[in-house]
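The values are calculated or read from the model by the stated rules, or taken from the named source; none is laboratory data. Model, not experiment: these values are computed from the prediction. Cβ sites come from the backbone with ideal geometry, for glycine too, and all protein chains shown count toward neighbours. To get the accessible areas, we keep the full protein, side chains included, count just its heavy atoms, and leave off ligands, DNA and RNA. Shrake-Rupley method; radii C 1.70, N 1.55, O 1.52, S 1.80 Å.
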Amino acid sequence: MAKKEFQAESKKLMDMMINSIYTNKEIFLRELISNASDAIDKLYYKSLTDPSVGMNKGDFRILLTRDKDNRLLTVSDNGIGMTKEELEQNLGTIAHSGSLDFKKDNKDENIDIIGQFGVGFYSAFMVADSITVRTKKYGSEQAYEWQSSGADGYTITECDKETVGTDVIMHIKPDTDEEKYSEYLESYRLHALVKKYSDYIRYPIRMLLPEQKVKEGSDPEKPEYETVEEMKTVNSMVPLWQRKKSDVTEEEYNKFSAEGSVTYKALLFVPSSRPFNFYTEGYEKGLQLYSAGVLIMDKCDSLLPDYLRFVRGVVDSPDLSLNISRELLQHDRQLKVIGQNLEKKVRADLEKFLKDDREGYEKFYENFGRQIGYGIVSDGGESRKDSLKDLMMFYSSTQKKLTTLKEY
């Protein structure tokens, strides 16, 4: 079959996709896993109203397979799959989003689809010099293969594939002096990337991992060990902030949710002691920011004001306005609303802490009391003065202990 040009036309656009929009090569795996999750979502939603699908939620999975000798990395799903026309539309047109079309067609605001911009797939060209996609649409007898080496175009041909779903097969680039692409063929690296970016994808992500086992027939008193590979699920699927309280240690757990113009969930905590570099330039403040369970930013420093820089935790919201690469955020009203609510919640919890556990609060104040005072004198402090003054503590020369202004 003759090679076709990308409808988005220019090599310049492809180069921009790979070299400008994405600033971190490792996120290619996050994008492909998110796409696989979307494909499974589509078939899962269909199964809820169509018993002939014959699959339950527990039957779905995403599979990572590596072939180091041939430098191949494959991301497979058993989701909805694509027809020849959908391959042409979704992969032949840069920035077309089949997930966004699906959401619009279903007109259901509750459908939670991660990928809505259509460029995530092309991030794989940051680490691969050629990509083959084999796919079979649910309900179709014929499978198709899409193949491309980048901006020079692509081909679509018929192929054999027994099961529905999609396989994205990447031929990983050779190593250079600047880049060690072979790391994306190592199980430990792939495992780490899944845990970092895609740990809360709601379907199991499975791959072969090395495991030390006692050799069969070896002496029990002097056992010999061998390394074997076992198929394991490498993501936890359920975020910490969505688990039952009984499943999480009480010391770590402090969950709350807010509804309204922006929906989000957060898990926040205050360290028991002040970090050694807290007052140095090397200290990085900020909360981990997720969108629908996918890590967007590791240190989002704009969610809380600087006086609360000691607060650690995670925030997950499906309502954020992300750019097309899901890497950056437009600092718009949504983020501000979340930040304002988080600040109020932290202040309210500190007030409760002071009331319910005086000894514990005094220890907290020894570590971070200076920050509460900073909140009053820093930018915007005038508006916070009334709410923060009751959190302040001062040493009483008559009582020989810390006291609040109210108590004084």
Practice task
Among the residues of segment 43-92, count how many are assigned to a helix (DSSP H, G or I), under 21 Å from SER149 (Cβ atoms) and acidic (Asp, Glu).
Solution key: 1
Practice task
Would you point out which residue out of SER99, SER37, SER10 is modelled with pLDDT under 90, surrounded by 22 or more Cβ atoms within 10 Å (Cβ to Cβ) and not aromatic (Phe, Trp, Tyr)?
Solution key: SER99
Practice task
May I ask you to list pairs of residues, at least six apart or on different chains, whose Cβ atoms are under 8 Å apart, with the first in segment 124-146 being over 19 Å from ILE40 (Cβ atoms) and part of a helix (DSSP H, G or I) and the second being at pLDDT 95 or above and of a type in the set (D, E, K, R)?
Solution key: none
Completion exercise
Every listed condition ((1) modelled with pLDDT of 85 or more; (2) out of contact with any Pro (no Cβ under 9 Å at 6 or more places or on another chain)) holds for GLU230 save (2)
Problem - Residues within segment 390-403 that are open to solvent by 80 Å² or more (accessible area, probe 1.4 Å) and either in contact (Cβ under 8 Å) with a residue 60 or more places away in the chain or not in a loop (DSSP other than H, G, I, E, B) (or both), tallied - result: 3
Practice task
Please work out which residue is modelled with the lowest pLDDT, limiting yourself to segment 321-339 and to residues that are open to solvent by less than 20 Å² (accessible area, probe 1.4 Å) and in a loop (DSSP other than H, G, I, E, B).
Solution key: SER325
Exercise for the section: Test MET207 against the criterion of being modelled with pLDDT of 95 or more and either closer than 22 Å to ASP59 by Cβ or open to solvent by 40 Å² or more (accessible area, probe 1.4 Å) (or both), and give yes or no. Expected result: yes
Exercise for the section: Quick one: which residue in TYR200, TYR283 is modelled with pLDDT of 85 or more, over 24 Å from ILE27 (Cα atoms) and part of a loop (DSSP other than H, G, I, E, B)? Expected result: TYR283
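For residues that are loosely packed, with under 13 Cβ neighbours inside 10 Å and either of a type in the set (D, E, K, R) or over 19 Å from THR233 (Cβ atoms) (or both), tally how many sit in segment 40-71.
So in segment 40-71, the residues loosely packed, with under 13 Cβ neighbours inside 10 Å come out as 48-52, 54, 56-58, 68-70.
Filter again for either of a type in the set (D, E, K, R) or over 19 Å from THR233 (Cβ atoms) (or both), leaving 48-52, 54, 57, 68-70.
The total comes to 10.
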Exercise for the section: Please work out which residue is most open to solvent (accessible area, probe 1.4 Å), limiting yourself to segment 340-384 and to residues that are among the hydroxyl-bearing types (Ser, Thr, Tyr) and at pLDDT below 90. Expected result: SER383
Completion exercise
Inside segment 187-228, the number of residues satisfying the requirement of being under 25 Å from ASN70 (Cβ atoms) and touching a residue at least 40 places away in the same chain (Cβ under 8 Å) is 10
Exercise for the section: Test GLU186 against the criterion of being surrounded by fewer than 20 Cβ atoms within 10 Å (Cβ to Cβ), modelled with pLDDT of 95 or more, more than 30 Å from LYS3 (Cα to Cα) and charged (D, E, K, R), and give yes or no. Expected result: yes
Completion exercise
Of (1) part of a helix (DSSP H, G or I); (2) modelled with pLDDT of 90 or more; (3) surrounded by fewer than 17 Cβ atoms within 10 Å (Cβ to Cβ), ARG274 fails just (1)
Problem - Cβ pairs under 7 Å, 6+ apart, first in segment 342-365 and more than 15 Å from THR404 (Cα to Cα) and touching a residue at least 24 places away in the same chain (Cβ under 8 Å), second in a helix (DSSP H, G or I) and of a type in the set (A, V, I, L, M, F, W, C) - result: GLU343/LEU308; VAL346/LEU308
Fill in the blank from the handout: A careful count of residues in segment 163-193 that are under 17 Å from PHE60 (Cα atoms) and touching a strand residue (DSSP E or B) at 6+ places or on another chain (Cβ under 6 Å) gives 5
